[in-house]
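The values are calculated or read from the model by the stated rules, or taken from the named source; none is laboratory data. The shown structure was predicted, so the numbers you read here are calculated from the model rather than taken from an experiment. Quick reminder, even Gly has a Cβ in these numbers, built from the backbone with ideal geometry, and neighbours come from all protein chains shown. With ligands, DNA and RNA removed, areas are computed over all heavy atoms of the protein, side chains included. Shrake-Rupley method; radii C 1.70, N 1.55, O 1.52, S 1.80 Å.
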Amino acid sequence: MAELEITLDDGVATLTLNRPEARNALDDAIRAQLLDALLTIENDPAARCVVLRGTGDHFMAGGDIKTMVENVDAPREEVRKYFLNRIHNLHPIVVAMRRMPKPILASVAGAAAGAGVSFALACDLVVAAEDAFFTLAYVNIGTSPDGSASFQLPRTLGIKRAMEMTLLGDRIDAAKALEWGLVNFVVPRIELEDETAKLAGRLAKGPTRVYGRAKALLYRSIGSDYEAQLQAEADAFSDSASRRDFREGITAFVEKRRPVFTGE
C-alpha cells in the first residue's frame with residue numbers, strides 16, 4: 001500500500017496521505033514521496049490545482065512520535081543532530097508548497113496536529129470539516145514548533161493568537177479556526193469531499209499562471225517594502241497581459257460570456 005496516493009483528474013492533482021493507522025503522521029518514506037510529488041506537479045502543465053488530504057478520519061497528526069521515541073536515548077549531541085537533520089528534511093516540503101505556482105488546497109478532516117497545522121498553513125486555501133481541529137501541541141511533548149509554524153502563525157492569526165495556540169497547545173475547533181482566519185471554509189463532514197472537489201475544479205479551470213503570479217505577489221509582500229511591491233505588481237500584471245488567458249478574459253468580458261482559460 002502506497003503511503004502517498006497521487007491522482008490527476010481534469011486538472012486537479014490530489015495528494016492523499018495514506019497512513020490512517022498513524023493518523024497520517026509523517027515518516028521518512030512519506031516525506032520523500034510528498035516532496036517528489038510536489039516537484040513533479042510543479043512542472044506538469046496538466047496539473048492546474050493541487051489538493052492535499054488525508055485518508056481515514058484525520059488530515060495529519062504531524063511527525064511520527066514512535067520514531068521520535070526510538071531516537072531520544074542516545075547522547076545529547078547525537079539526539080540533537082538526528083532531529084536537526086529530521087527537521088531540515090521537512091523544510092523543502094513546505095517551501096515547495098509555498099512556491100507551487102498553482103493553487104494548493106488543504107482538505108482537512110479530524111486532526112491537523114503539529115506539522116499538520118504547518119502543512120495546512122502552507123496551502124493557499126483550507127476547507128475544513130466541522131469535526132476538524134487544529135493543535136500545535138508541541139509544548140505537550142516538551143518542544144517548540146517546526147515546519148514553518150513560527151513564521152506562518154503570527155502572519156495568519158496575529159501574535160496574540162499565535163502565542164495562545166503555541167504556548168497552551170489546546171485544540172482549536174473548526175468554528176474557531178474559521179473565526180481566526182486559520183481556514184477559509186467549514187462544511188459538514190459528509191460534504192467535505194464534494195465541496196473540496198467543487199472548489200478545486202473551479203481553480204483548475206482558472207488562469208493558472210495568473211494564480212501563480214498572484215500567489216508570489218501576496219507571499220513576497222510579507223517581507224517587501226512598498227515600492228518594491230508596486231514594481232513586482234507591475235511586472236506580474238504586464239507579463240499576465242501578454243498571455244493568452246488575458247486576451248481570452250478581456251474578450252469574454254466584452255462579449256458578455258464566461259471565459260475559457262487554458263492556464264497559459
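Just to verify a result, which residue in region 228-259, among those that are outside any helix (DSSP H, G or I) and open to solvent by 90 Å² or more (accessible area, probe 1.4 Å), is nearest to ARG209 (Cα to Cα)? Break it down stepwise before answering.
Pass one, region 228-259, residues outside any helix (DSSP H, G or I): 242-243, 255-259.
Within this subset, residues satisfying the condition of being open to solvent by 90 Å² or more (accessible area, probe 1.4 Å) are 255-258.
On the way: GLU255: 23, LYS256: 23, ARG257: 21, ARG258: 18 Å.
It comes out as ARG258.
Taking the criterion of being β-branched (Val, Ile, Thr), open to solvent by less than 50 Å² (accessible area, probe 1.4 Å) and more than 20 Å from ARG155 (Cα to Cα), would at least one residue in region 204-227 satisfy it? Yes, region 204-227 contains a residue that is β-branched (Val, Ile, Thr), open to solvent by less than 50 Å² (accessible area, probe 1.4 Å) and more than 20 Å from ARG155 (Cα to Cα).
A quick yes/no check of all residues on (1) open to solvent by 30 Å² or more (accessible area, probe 1.4 Å); (2) aromatic (Phe, Trp, Tyr); (3) free of Cβ contacts under 8 Å to residues at least 24 places away in the same chain:
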{"site": "ARG76", "(1), (2), (3)": "yes, no, yes"}
{"site": "ASN89", "(1), (2), (3)": "yes, no, no"}
{"site": "PRO103", "(1), (2), (3)": "no, no, no"}
{"site": "ALA111", "(1), (2), (3)": "no, no, no"}
{"site": "GLY114", "(1), (2), (3)": "no, no, no"}
{"site": "SER118", "(1), (2), (3)": "no, no, no"}
{"site": "PHE133", "(1), (2), (3)": "no, yes, no"}
{"site": "GLY147", "(1), (2), (3)": "no, no, no"}
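You will find that of LEU84, LEU52, LEU38, the residue that is at pLDDT 80 or above and more than 30 Å from ASP131 (Cα to Cα) is LEU84 and no other. Among the criteria (1) part of a loop (DSSP other than H, G, I, E, B); (2) among the aliphatic types (A, V, I, L, M); (3) open to solvent by 70 Å² or more (accessible area, probe 1.4 Å), the one VAL95 does not fulfil is (1).
Of everything in region 1-60 that is assigned to a strand (DSSP E or B) and among the hydroxyl-bearing types (Ser, Thr, Tyr), the residue that is least open to solvent (accessible area, probe 1.4 Å) is THR16. Of all residues in region 135-145, those that are out of contact with any Gly (no Cβ under 7 Å at 6 or more places or on another chain) and buried (at least 24 other Cβ atoms within 10 Å of the Cβ) total 0.
The set of residues from region 83-104 being under 21 Å from ALA214 (Cα atoms) and β-branched (Val, Ile, Thr) comprises ILE93, VAL94, VAL95, ILE104. Taken over region 170-198, the criterion of being open to solvent by less than 30 Å² (accessible area, probe 1.4 Å) and either among the hydroxyl-bearing types (Ser, Thr, Tyr) or assigned to a helix (DSSP H, G or I) (or both) is satisfied by ALA174, ALA177, TRP180, LEU192, THR196.
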